[in-house]
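Undergrad: The structure under discussion is supplied below as structure tokens; questions concerning it will follow.
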Amino acid sequence: MCGIAGVVSTGRPDPALVHRMCDVITHRGPDGAGMHADDRCAMGMRRLAVIDVAGGDQPVRNEDGTVVAVFNGEIYNFAALRAELIRRGHRLRGDGDSECLVHLYEEHGDDLVHRLRGMFAFAIWDTRRRRLLLGRDRVGKKPLYWRSDGSTLSFGSEAKSLLQDPGLDRRLDLVALHHYLSYQYVPAPWTIYQGIRKLPPGHLLTWEEGAVEVRGYWRLDCTPHEVPDETEAAEQLRERLLDAVRVRMVSERPLGAFLSGGVDSSAVVAAMARCSTEPVKTFSIGFDEARYDEREHARLVARRYGTDHHELVVSSSSLDLLPTLTDHFDEPFADSSAIPSFYVARLSREHVTVVLNGDGGDECFGGYRRYALMRALARVPDWAAPRALHRVGGGLVAQTRAGSRPRAVGRILQLLGQPMLDRYASLISVFPPAQQFDLYTAELRAHLAGVDSWALLGEAYAASRAADPLGRLIDADVHTYLPGALLPKVDISTMANSLEARSPLLDHHLMEWAAHLPTRFKLRGGTTKYLLKRAVAPWLPAEIIDRPKMGFAVPLGRWFRGELRDLAWSLLTDQTARSRGLFRPEAVTALLVRHDRGDDESHRIWALVQFELWHRNWLDRAGAPSTAVPTYRDLLARQS
């Protein structure tokens, strides 16, 4: 597990720049560094040593040094790949996984990605052809940013590496901002910075004499297949989960697991216990507000398997973490579960170097409650749900108090009065389009005229091969929400703490098997993750299987009416924020007032707070004296 960065150019790149690009991501790899430089390419890495600790330094090279690679991630089938390469006459110097890349490139060229089982972002420099190949894993567990000006291309595991280039003009991408306020993250290929892009999951990028080509190599195929009966399917799922867990338990450094008390992480811990002769180390986060606290459920699993269990409680007083999050999240990110994710990573790193988690269970097996709601709404025929219902529902929402039954009815009417895809987009959006454009100044509205963030969801839906609308929505989440929000949150939170996270439920063999299941195996009546729950029911306490989904939520609503209220007002309404000319001050104030009066606007406020913190940290202060822009710490000091 590492961080990588580099520059290729038709002229000679600057190795000193690449050193700086690597230095700013030392947290991703505190155990060592490596560098390659020639007349066209300079690239380096920071290493977190997990496999082949003694001999796994990078960059790695083929026998004659004509192919060089840097690599971030883990290749779980590396032992089989090494054996095959040795049989074919290749000489491998170390005992790890990264060296396989250069020899696989010699054998298979760009198609080497199809041989890899794991999570990865890599750069391979072909010195003979003067050609760079960048690759990112199938679902996007490992990030990769890039930038090209026509003659030079730079890349890095984090955007902050690219920001080390003094020639880069840090400017806000307004379209990316618009997408962020829709989805709470900036979707690939955009980043919040003009000129910097993300390589999408399942894609390759080639650079040769200044010419750049990006192309996809994998997409989940959700074409339905014939399936066995439920009993046999559940047995197959258990076997596949055990296999995915087993290959992810290979490590020369201490290993444990995140344990939330939900079905997914509990199933992973149960599988780990079956694959291990030692007690599994488990880590949980709780809150001092009972409705958000899952510790008791996590303890049920920990007691059942005799794990070495560790806990930490998060409170609003812990939010001095926010400046640290802003430093590590190079883009605005509005999923508030980044807070407990960061804390559980920090707790885990005190004891282990590698953790397994339950990420991907909801996307693979239909776990989100919104799927059940969408199926229920779909039972209402179109003729019974005219578009006028949307206006009626909106009026009811506006005239009733938060949390009341009439407000809930109004929300359902709003959804019924929309086309199916708009319904789903409404459920997952932070700011729906009407609220976005009400928030924007006239200048920003004019700039974004015709930009439709919801079209991104529509494109993912249209590309799906699933047989029914609900299956296509689940597939769309695999290609949007999963790599856009869930995986970056975990990667950044863990790597900021020099911790490697592995996700058995996102093993591509398991995902491809699950993708072919009919939707009835995922959602049965009101039961989400139907087959997964049936499969792991013999492993887990009934309280875990039967409990409603909780999610990794934090009490934002209370925090923004209590300890963080004054801070939010100061941050979003001071002269620094108003001077940007992006958001109408009266719209921002109205949002804060509505929340004070009882409406839950906390997620929208959080999105604006995260954008403002990011802007001050990454744009304002980049070219300003250190005292010119009030920071989060400055504002916090004023409140105290």
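Undergrad: Within the set of other residues whose C-beta is less than 12 Å from the C-beta of L427, count the net charge using Lys and Arg as +1 and Asp and Glu as -1. If you can, show how the numbers build up before the last one.
TA: Values: positive: R369, R370, R411, R423; negative: D422, D477.
Overall, the nearby charge balance is +2.
Undergrad: What distance in nm separates the simple spin-label points at E543 and R219, each placed 7 Å from Cα in the Cβ direction?
TA: So the two model labels end up 4.5 nm from each other.
Undergrad: Sorted by average packing, counted as other Cβ atoms within 10 angstrom per residue and highest first, what order do 451-457, 595-601, 189-195 take?
TA: So the peptides 451-457, 595-601, 189-195, ranked by packing, come out 189-195, 451-457, 595-601.
Undergrad: Which part of the range 113-154 falls in the paramagnetic zone of E84, meaning amide N under 16 Å from the point 7 Å along Cα-to-beta-carbon?
TA: Counting only backbone N, you get 113-119.
Undergrad: In addition: Are any of the pairs K489/K522; K160/K281; K141/K522; K142/K198; K160/K489; K198/K522 more than 21 Å apart by Cα-Cα distance, and if so, which? Mind dumping the intermediate values first?
TA: Values: K489/K522 25 Å; K160/K281 33 Å; K141/K522 23 Å; K142/K198 11 Å; K160/K489 16 Å; K198/K522 31 Å.
Where the Cα-Cα span goes over 21 Å, the pairs concerned are K489/K522; K160/K281; K141/K522; K198/K522.
Undergrad: Please say if the range 176-306 is rounded, prolate or oblate, where rounded means a/c under 1.5 for a ≥ b ≥ c the square roots of the C-alpha gyration tensor eigenvalues, and otherwise the choice is prolate for a/b larger than b/c and oblate otherwise?
TA: On the way: a/c = 2.00, a/b = 1.52, b/c = 1.32.
Judged from the Cα gyration tensor, the range 176-306 comes out prolate (a/c at least 1.5, a/b above b/c).
Undergrad: Kindly work out what percent of the DSSP beta bridges joining two residues of the chain are antiparallel, to the nearest 5.
TA: On the way: 56 of 73 bridges.
Counting only bridges with both partners in the chain, antiparallel ones make up about 75 percent.
Undergrad: Just add up the charged neighbours of R594: K/R +1, D/E -1, any other residue whose Cβ is under 10 Å from the Cβ of R594. If you can, show how the numbers build up before the last one.
TA: On the way: positive: R597, R604; negative: D596, D599, D600, E601.
Around R594, the surrounding residues sum to -2.
Undergrad: Going by average Cβ density within 10 Å per residue, which order do the peptides 484-494, 211-221 take, highest to lowest? Intermediate results must be reported in sequence, preceding the final value.
TA: Values: 484-494: 23.5, 211-221: 13.5.
Packing order, densest peptide first, comes out as 484-494, 211-221.
Undergrad: If you don't mind, another one. Per 0.36 nm of contour for each residue apart, how much would the distance between R303 and R274 grow if the chain were fully extended, relative to their Cα-Cα spacing? Don't jump to the answer; show the numbers that get you there.
TA: Details: separation 29, 0.36 × 29 = 10.44 nm, distance 1.47 nm.
The span from R303 to R274 would gain 9.0 nm if fully extended.
Undergrad: Provide the FRET efficiency to the nearest 0.05 for the R578-R391 pair, computing r from the beta carbons and using R0 = 35 Å. Mind showing how you got there, number by number?
TA: Details: r = 33 Å, r/R0 = 0.93.
For R0 = 35 Å, the calculated efficiency reads 0.60.
Undergrad: Order of 410-417, 31-38 by packing, highest average Cβ count within 10 Å first? Display every interim value, and only then the final one.
TA: Values: 410-417: 19.4, 31-38: 17.6.
Ranking the peptides 410-417, 31-38 by packing returns 410-417, 31-38.
Undergrad: What's the center-to-center distance, using Cα atoms, between the range 117-139 and the range 143-199 in Å?
TA: 19
Undergrad: For the chain, calculate the relative contact order in percent as a whole number, restricting contacts to Cα pairs under 8 Å that are 6 or more residues apart.
TA: Values: 1176 pairs, mean separation 95.6, N = 640.
Relative contact order comes out at 15 percent.
Undergrad: With each label point set 7 Å from Cα along the Cα-Cβ vector, what nm distance links D288 and E443?
TA: The two pseudo-label positions are separated by 4.3 nm.
Undergrad: Taking the Cα centre of the chain as the origin, how large is its charge dipole in debye, to the nearest 20, when only Lys and Arg (+1) and Asp and Glu (-1) carry charge on their Cβ atoms? Could the numbers behind the result be given before it?
TA: Working: 81 positive and 81 negative charges, 276 e Å.
Value, rounded to 20: 1320 debye.
Undergrad: Can you list residues whose amide H is under 5 Å from H203's amide H, if they're 5+ apart or on another chain and H is modeled 1.01 Å from N?
TA: R136, Y217
Undergrad: Continuing with the same structure: Could you compute the FRET efficiency for R379 and V409, with r as their C-beta to C-beta distance and R0 at 22 Å, rounded to 0.05?
TA: Efficiency, from the Cβ-Cβ distance: 0.85.
Undergrad: Can you give me the distance in nm between label points at E235 and E208, each placed 7 Å from the Cα along the Cα-to-Cβ direction?
TA: Once both label points are built, they end up 5.1 nm from each other.
Undergrad: Another question, then. To the nearest Å, what is the center-to-center distance of the range 66-89 and the range 223-300, using C-alpha atoms only?
TA: Centre-to-centre distance over Cα atoms comes out at 28 Å.
Undergrad: log10 I(q)/I(0), Debye, Cα-only the range 292-370, no solvent, q = 0.11, 0.18, 0.21 Å⁻¹?
TA: Once normalised to I(0) and log-transformed, intensities are -0.39, -1.05, -1.29.
Undergrad: Still on this structure, I have one more. Note the full-extension length gain between R128 and Q435 as 0.36 nm times their separation in residues minus their Cα-Cα distance, in nm to one decimal.
TA: Going from the current span to full extension adds 105.1 nm.
Undergrad: Would you mind getting me the FRET efficiency between D169 and M35? Use the beta-carbon distance for r and R0 = 30 Å, nearest 0.05.
TA: Once rounded, the FRET efficiency stands at 0.65.
Undergrad: Rg (Å, one decimal) plus Dmax (Å, integer) for the alpha carbons of the range 2-216?
TA: Looking at the range 2-216, its Cα Rg and Dmax stand at 16.6, 53 Å.
Throughout, read-outs are computed from the coordinates displayed, never taken from laboratory work. What you see is a predicted model, and the numbers here were worked out from it, not measured in a lab. Neighbour counts run over all protein chains shown; Cβ positions are idealised from the backbone, glycine included.
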